[in-house]
Every structure is written in structure tokens, then in C-alpha cells.
Amino acid sequence: NSWNNSFSGATQAQQLIKLLGDDPSKVNVKSAAKIVQVMHLAFISDLYGPIPYSEALRGDEGVNNPKYDNQRDVYLGLLAELETAINS
């Protein structure tokens, strides 16, 4: 259940990020959504180790079976996303 709930939260955050696009008046909301998404994905990786990350949350792009990334790569990617959210 933790897996489904957290991926659902990460998916909802991803949908919000895409919906907001590059609207400069929504930069704070977009940054908050990125932080929430990172929180969900970090939680999943904390519990399960390797998770779909680099190809995850891209079902609308036809990626239905994303590869699993090792935990090191997941955390490095999540830290980069946090940097982007903080500096936006």
C-alpha cells in the first residue's frame, strides 16, 4: 500500500507540474509540487531500494514499463530536483 499511495502522490505532483508549465506567476506552486514529488519518491526508495525513477511517471509518453534505477542514482536525481526547486 505504501508503494501505491506514494506513487499516486508523486503522479499527482507530476500532473500539477505539467499543468503549471512555465507560468512565472506559478513558480512557487511548481517548486512546492516538485518538493512533494521528491518526498514521495524518496520515501519509496527508502522502503524498497531501487525504484523506477528516470523513466517513471511518464505513462502519458508511452513509458508503461519503466526501468528500475539503483538507489544511488535515484538519490542523486532527487537532490538535483530539490536544487532546481529551491533555486526557482
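Any read-out appearing in this document is the output of simple, stated calculations on the displayed coordinates, not a laboratory observation. All values reported here derive from a predicted model rather than from experimental measurement. When we count neighbours, we look across all protein chains shown, and the Cβ atoms used for this are built from the backbone with ideal geometry, even at glycine.
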Between residue 84 and residue 70, what length comes free when the chain is fully extended (0.36 nm per residue of separation minus the Cα-Cα distance, one decimal in nm)? 2.9 nm
How many nm separate the modelled label positions at residue 39 and residue 22, each set 7 Å beyond the Cα in the direction of the Cβ? 2.9 nm
Exposed-loop-free span, longest in the chain, where trypsin sites (Lys or Arg not before Pro) count as exposed if DSSP calls them loop and at most 15 other C-beta atoms lie within 10 Å: 1-57
Value of [θ]222 nm, deg cm²/dmol, for the chain, DSSP H segments ≥ 4, -39500 (n - 2.57) each, nearest 500: -22500 deg cm²/dmol
Compute the length gained on full extension between residue 3 and residue 61: take 0.36 nm times their separation in residues and subtract their Cα-Cα distance, giving the result in nm to one decimal. 18.7 nm
Working only with C-alpha atoms, what are the Rg and Dmax values of the stretch 1-41, expressed in angstrom? 10.6, 36
What does the charge count around residue 31 come to, taking other residues whose C-beta lies under 12 Å from its C-beta (Lys +1, Arg +1, Asp -1, Glu -1)? +1
Percentage, to the nearest whole number, of Cα pairs in the chain over 22 Å apart: 23 percent
